[in-house]
Amino acid sequence: VSPDRPALTTKPGDALLIGGAGQPYVLASTTGDFALSMNVLLTPGADLRLTLPTGAPISLANARLSKAPGLWQSVELRYRGLSWPGPASRGPALLERLVLNGVPISEGQALTGAANGNVALAVSNGSVAVRNVVYK
């Protein structure tokens, strides 16, 4: 993990995304429901932001249950887009559940903003490694 890397990068055959401060790395473009899980490793002072389709950022370095820098952490989330089941049922996008290192830190959080953006990772400080990304 190098603080000199310009952005999240991929290499064929590697199981890691490694990056430093730079442009966001787009995982998906969606307005629907999805689940995401991954493992992240942060260097001291690093901050990894996960941006949801509504534009809502989730900072993984400032979460109260973060492990010490240099240790792998697990992140899981479930997101529901603007269209809910039912004939006339519409509501705001919803962060149904956010779990860090096996502990729920947010459930049922309504999100403001249009859900027409990307699901993206951005490193705003330091360096980050990401592995085992699962998007459903």
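The values are calculated or read from the model by the stated rules, or taken from the named source; none is laboratory data. Keep in mind it's a predicted model, so treat the numbers as computed, not measured. FYI the Cβ positions are ideal-geometry reconstructions off the backbone, even for glycines, and counts take in every protein chain you see. Keep in mind that these areas ignore ligands, DNA and RNA; they rest on the heavy atoms of the full protein, side chains included. Shrake-Rupley method; radii C 1.70, N 1.55, O 1.52, S 1.80 Å.
In this structure, Leu94 qualifies as of a type in the set (A, V, I, L, M, F, W, C), in contact with a Gly (Cβ under 8 Å, 6 or more places away or on another chain), over 20 Å from Gln23 (Cβ atoms) and modelled with pLDDT of 85 or more. Would it be correct to say that Leu71 is modelled with pLDDT of 90 or more, part of a loop (DSSP other than H, G, I, E, B) and surrounded by fewer than 17 Cβ atoms within 10 Å (Cβ to Cβ)? So Leu71 fits the description; yes.
Here the strands (runs of 3 or more DSSP E) wholly within the stretch 1-57 that include at least 3 residues being modelled with pLDDT of 75 or more and open to solvent by 50 Å² or more (accessible area, probe 1.4 Å) are 25-29.
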